[in-house]
Amino acid sequence: MHLPSRVQLVEVGPRDGLQNEKQLISAATKIELVHRLQSAGLQEIEVTSYVSPKWVPQMADNAQVMCGITRKPGVRYSVLTPNLQGFEAALLSKPDEIVVFGAASEAFSQKNINCSIAESIERFAPVVAAARAAGIAVRGAMSCTVGCPYEGDIAPQQVGMLAARMKAIGVQRVDVADTIGVGTPLKVQRAIEATLAHFDVDHISGHFHDTYGQALVNTYAALELGVWNFQSSIAGLGGCPYAMGATGNVATEDVVYMLHGMGIATGIDMDRLIDAGVFISDALGRKPNARAATALLNKRHAP
Ligand code: HMG
Ligand code: MG
């Protein structure tokens with residue numbers, strides 16, 4: 001088995017994490033979180049989304065947050081854009097990468113972005129073309145690649161079909177997402193293999209929610225296939241407003257602990273990462289939902 005020697009993490013806490021919080025988090029707190037994440041060594045940060053504020057009120061301060069960040073050279077700042085309206089608004093705050101987000105499940109596509117899979121691809125096509133013409137990188141998130149809250153199990157063929165459509169409109173890399181965290185290692189590997197028919201391994205990212213406690217082992221299963229880009233959320237924040245009961249992404253602290261323990265480099269400073277998790281958890285009035293953070297904080301405070 002040949003595991004990657006280096007992994008690049010995309011920190012999605014400010015977007016996937018905070019989009020799901022009931023209490024309003026100020027733009028200043030979000031900006032400070034991004035600053036702490038970049039000083040911990042994260043090189044890719046998904047900052048916010050340009051979606052309807054009626055659908056996702058937590059992201060209504062998108063422009064304020066994007067414009068308030070002091071950018072660190074070498075860090076890639078990405079934002080979600082579901083349509084041209086979102087892309088045009090996003091353009092003003094100069095993201096390095098935009099993310100179009102579709103689903104391998106028809107029902108989830110309808111609930112999340114109010115259109116069918118085929119319609120979503122038609123909407124994404126001009127967004128992708130405009131982004132690439134403006135020199136902005138394009139990622140495609142593929143939701144429900146193993147299971148859907150409305151349709152149950154999703155066949156790998158559905159994932160392959162979506163990946164092919166994303167590729168055809170010029171998406172450069174894709175996220176294989178387990179939106180509701182129901183996946184187990186072999187199912188996740190089947191979804192990745194279906195994607196590998198259309199994107200090479202350097203252009204695939206794993207995005208695993210941890211609802212059933214499988215996200216870390218699913219990350220390992222993806223590493224076994226050579227995937228070296230993963231999305232994770234500081235302090236395990238998050239979920240999806242259109243996937244009831246789904247919890248946050250795998251916690252960044254837990255993934256980093258596992259990777260460093262396996263001798264896989266991430267460029268991330270664990271102490272600073274934990275401080276970033278404590279910062280946002282304090283703002284939310286709770287403890288970080290990350291086992292490695294809890295353990296290391298206990299050790300820090302031990303007499
Ligand atoms: P729609 O209602 O079909 O859109 O929503 P519309 O074009 O008919 O427009 C209706 C209204 O929305 C209009 O306003 C538009 O101006 C406005 P009104 O005239 O009623 O005042 N509107 C917008 N406003 C701001 N930004 C925009 C925008 N577009 C239209 N871009 C839409 C379609 C996609 C906008 C809507 O369904 C939406 O915003 N959905 C939110 C989806 C979302 O953010 N989901 C969570 C992120 S995805 C996720 O978490 C999964 C992921 O993590 C991977 C995984 O885990 O699976 C990525
Ligand atoms: Mg997600």
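A few notes on this one:
- Once segment 251-282 is narrowed to residues that are open to solvent by 10 Å² or more (accessible area, probe 1.4 Å) and in contact with an Asp or Glu (Cβ under 9 Å, 6 or more places away or on another chain), the residue that is nearest to Gly181 (Cα to Cα) is Asp254.
- Within segment 290-303, the set of residues being at pLDDT below 95 and either part of a loop (DSSP other than H, G, I, E, B) or buried (at least 19 other Cβ atoms within 10 Å of the Cβ) (or both) comprises His301, Ala302, Pro303.
- Test: residue in segment 28-48 that is touching a Leu at 6+ places or on another chain (Cβ under 8 Å) and modelled with pLDDT under 95: no
- Restricting segment 98-119 to residues that are of a type outside the set (A, V, I, L, M, F, W, C) and within 16 Å of ligand 2 (Cβ to nearest atom) leaves a set whose member that is most open to solvent (accessible area, probe 1.4 Å) is Lys111.
- Residue tally, condition in contact with a strand residue (DSSP E or B) (Cβ under 8 Å, 6 or more places away or on another chain) and part of a strand (DSSP E or B), over segment 141-190: 12
- Looking at Leu225, Leu196, Leu216, just one residue is surrounded by fewer than 24 Cβ atoms within 10 Å (Cβ to Cβ) and within 16 Å of the chain's Cα centre (by Cα), and that residue is Leu216.
- Residues of segment 1-24 that turn out to be within 16 Å of ligand 1 (Cβ to nearest atom), of a type outside the set (D, E, K, R) and open to solvent by less than 10 Å² (accessible area, probe 1.4 Å), as a count: 7
- Looking across Ser39, Ser52, Ser78, one residue alone is crowded, with 24+ Cβ neighbours inside 10 Å and under 20 Å from the mean Cα position of the chain (by Cα). It is Ser78.
- Residue within segment 29-50 that is within 15 Å of ligand 1 (Cβ to nearest atom) and farther than 25 Å from Asp202 by Cα present: yes
- Residues that are in contact with a Gly (Cβ under 8 Å, 6 or more places away or on another chain), open to solvent by 10 Å² or more (accessible area, probe 1.4 Å) and within 13 Å of ligand 1 (Cβ to nearest atom), drawn from segment 199-213: Asp210, Thr211
- Residue among Val176, Val159 that alone is modelled with pLDDT of 95 or more and over 24 Å from Gly236 (Cα atoms): Val159
- Among the residues of segment 220-253, those identified as away from ligand 2 (no atom under 11 Å from the Cβ), touching a strand residue (DSSP E or B) at 6+ places or on another chain (Cβ under 6 Å) and either closer than 22 Å to Pro156 by Cα or not in a helix (DSSP H, G or I) (or both) are Ala222, Val227, Asn229, Phe230.
The values are calculated or read from the model by the stated rules, or taken from the named source; none is laboratory data. Keep in mind that this is a model prediction, so the values were computed, not measured. Glycine also receives a Cβ, built like all others from the backbone with ideal geometry; neighbour counts cover every protein chain displayed. Only protein heavy atoms, including side chains, enter the accessible area calculation; ligands, DNA and RNA are left aside. Shrake-Rupley method; radii C 1.70, N 1.55, O 1.52, S 1.80 Å.
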